[in-house]
Structure formats: structure tokens, C-alpha cells
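Visitor: After the C-alpha cells below, expect a handful of questions from me.
The values are calculated or read from the model by the stated rules, or taken from the named source; none is laboratory data. Treat the numbers as computed from the prediction; the structure is a model and nothing was measured. Heads up, the Cβs are rebuilt from the backbone with ideal geometry, glycines too, and the neighbour counts pull from every protein chain shown. Just the protein is used for accessible areas: all its heavy atoms, side chains included, with ligands, DNA and RNA removed. Shrake-Rupley method; radii C 1.70, N 1.55, O 1.52, S 1.80 Å.
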Amino acid sequence: MIRAFGVFFLVICSVRAGTLSVSPSVDNVMVGQSFNLSVVIDSVADLYAYQFDLAFDPALLSASAITEGPLLGSGGTTFFLPGAIDDANGLISSTADSLEGPVSGVTGGGVLAYVTFTALAFGTTSVVIINPPAPLLIDSQSNFIEVGTADGAVNISTPEPASGWLLSLALAAVGALSARLRGRRGSRAG
């Protein structure tokens, strides 16, 4: 009888959800460009609160802001904590959000948070959800919600010069070469 109760207790206290992921899964940006990544959940039932941390390569990215996404707020008033940005170590820690009061959690999928980054240098980096052993999601009955995770990646390329700039450079080079050639002809004639 005790064994059956233990199995039943685990089922009630640990509910399975979908996947918490960084979106888009791959983003292509240019050096110097600011851009947003979203932390999304694709399927969840009765989500009342969450907390997660993110890691990234600080040589390639700099984080500047974390803002609340619309999913949890669709269930009522929320209390959002953007967490702490540590660009030196490539870590965003303790981003959290919770509904307030005795309300049911939200069901469905959507954006939990937006993170604004700036691309610093050429390369590729992962943006990883890193809570040991997993992000913390809680339902309205204070049960943990199990969730899978999917990391994102950012491909950073160097900006190509604008075609107008290249045309101006080419015309200036042709003009300088033409003037130089005229100068040589004039010195031979004299």
C-alpha cells in the first residue's frame, strides 16, 4: 500500500510539459547588430511560476536587457524579475516570473521572456538554458512541472560593405589613377 501511494504522489507532484527553448533555434546576425531572442515554452498546463538561467559566449555576445513575455501575464497580474546580467562570464541568472494571488496557471504555449543581445565578434555561439538539473516551472498547486529544454545558436558574420560605399571607393581609385597617369604624361611632354 505504501509503495502504491509513493508512485501516486510522484505522479501528482511532477507534471510533464513540453519544451522550454531559445527561439529562434538559430539566428544569423552581423557584428555590431542588436537583436532579441525569446525563451518560449511550446506546451504547458497550469503554469503559475518559472525561473531559468542562460549562458552564452561573452567574447561573442553582450546581453543588455531581459523583459517579460506575454504568456504568463495572460493569466493575470504577474511579478517579473529580469534576473542579473553578467556579461564578463556570459551568464544571465535568476530570471523569474510568477502569477499573483489564488488563480489558475496558464495553459498553452508562448513567450516567457525576451533577451536583448549585441553581437560583438565573428563566430558562432550557443545560448544555453542552464538550470541544474532543469529550469524551474511550478503549477498553481505548487507542484513542479518537468520540462525538456532546447538551446539556441547565434551565427555572427561580419557586415559586408554597402554597395554605394564600394562604388564610391572604386570611382575614387579610378579618379586617382587617372590623375596620376595625366601627371606622368604632362611631365614627359615638358
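Visitor: For N131, enumerate residues with amide H under 5 Å from its amide H, sequence gap 5+ or separate chain, H modeled in the peptide plane.
Guide: Amide H to amide H, under 5 Å and 5 or more residues apart or across chains, N131 pairs with D53.
Visitor: Using only the alpha-carbon atoms of the range 102-142, report the extent along each of the three principal axes, biggest first, to the nearest angstrom.
Guide: Sorted largest first, the three principal extents are 47, 22, 15 Å.
Visitor: Leaving out ligands and nucleic acids, note down the accessible area per residue over the range 56-129 with a 1.4 angstrom probe, in whole Å².
Guide: Spelled out: the 1.4 Å probe surface of the range 56-129, per residue, equals 44 Å².
Visitor: Taking H placed 1.01 Å from N in the peptide plane, check which residues at least 5 places from G83 or on another chain put their amide H under 5 Å from its amide H.
Guide: Amide H neighbours of G83: A96.
Visitor: Now, a different point. If I model a spin label at T116 and L136 as a point 7 Å from the Cα along the Cα→Cβ vector, what separation in nanometres do I get?
Guide: Label at T116, label at L136, 2.7 nm between them.
Visitor: If you don't mind, there's one more thing I want to ask. Rounded to the nearest 0.05, what FRET efficiency do T107 and D86 give with R0 = 35 Å and r taken as the Cβ-Cβ distance? Could you check?
Guide: 0.55
Visitor: From largest accessible area down, sort V128, V26, V147; use a 1.4 Å probe on the protein chains.
Guide: So the residues, ranked largest to smallest area, are V26, V128, V147.
Visitor: Quick one: which residues, 5 or more positions from G69 or on another chain, have an amide H under 5 Å from its amide H? H modelled 1.01 Å from N in the peptide plane, none for Pro or chain starts.
Guide: A113, Y114
Visitor: May I pose another question? How much accessible surface does L136 have with a 1.4 Å probe, in Å² rounded to 10?
Guide: 60 Å²
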